[in-house]
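Chemist: Mind looking over this structure? Questions follow.
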Amino acid sequence: MKLKSLSLLAAAILMSQAANAHHHGDHSEHADHSEHADHSEHANHSDHEKHSHHHEHAHHGSNSEFKGESQSISDAITIEDARAKATIPGVKVGAGYLTIVNESDETLRLTEAKTTVAQHTEIHRMFMRDSKMAMRKVDYVEIEANEKFYLKPGGYHLMFMMLNQRLTDGENIEVELVFDNGTTATIDMPVIKAD
């Protein structure tokens with residue numbers, strides 16, 4: 001299946017970018033995932049796994065140097081610093097990052113993302129395993145009440161699979177976000193130059 005090989009290619013590209021950022025001194029991208037080091041990379045998770053690794057919020061650190069617009073999508077949810085990385089010709093996968101601000105008193109879950117620039121969009125996470133970066137798909141991320149959740153390089157991110165077009169620095173793409181409380185909203189995501 002093409003999606004499996006695209007996932008492997010996506011992992012290689014993002015791990016290369018994370019390693020490059022580390023080489024240039026950006027250690028904030030390498031969150032400590034040692035507690036998950038023995039997890040497999042398969043998309044099928046046990047109930048324990050599903051609830052044990054979706055709670056990276058304020059302790060996850062700063063959201064890197066990029067500062068974008070703040071987009072209020074409901075009374076309870078604001079999206080900050082949304083951006084996608086530019087791709088090179090021929091590459092069919094891309095990555096999107098953002099900060100989700102939960103201003104409610106209830107835990108929220110981002111369960112799905114969609115965009116017309118890709119045939120599939122998945123939520124992925126990168127983590128350290130045996131001193132190496134690994135990546136896998138997750139079903140959702142949880143944003144705890146009155147907390148922020150960072151989707152950023154080296155951690156959780158959106159993976160745009162089977163791109164319909166190249167992502168070019170300076171353009172904007174639209175991404176639809178779906179939450180478990182019924183909120184669905186389309187955000188603007190500027191494309192920025194890859195590291």
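Chemist: Any of Lys67/Lys152; Lys67/Lys92; Lys67/Lys137 with alpha carbons more than 21 Å apart? Name them for me.
Modeler: The answer is Lys67/Lys92; Lys67/Lys137.
Chemist: Please give the solvent-accessible surface of Arg125 in Å², to the nearest 10, using a probe radius of 1.4 Å with every protein chain present.
Modeler: 0 Å²
Chemist: Over the range 103-189, what relative contact order in percent results from Cα pairs under 8 Å that are six or more residues apart?
Modeler: Rounded, it is 38 percent for the range 103-189.
The values are calculated or read from the model by the stated rules, or taken from the named source; none is laboratory data. Everything numeric in this text was worked out from a predicted model, so none of it was measured. In case anyone asks, the SASA skips ligands and DNA or RNA and just uses the protein heavy atoms, side chains included. Shrake-Rupley method; radii C 1.70, N 1.55, O 1.52, S 1.80 Å.
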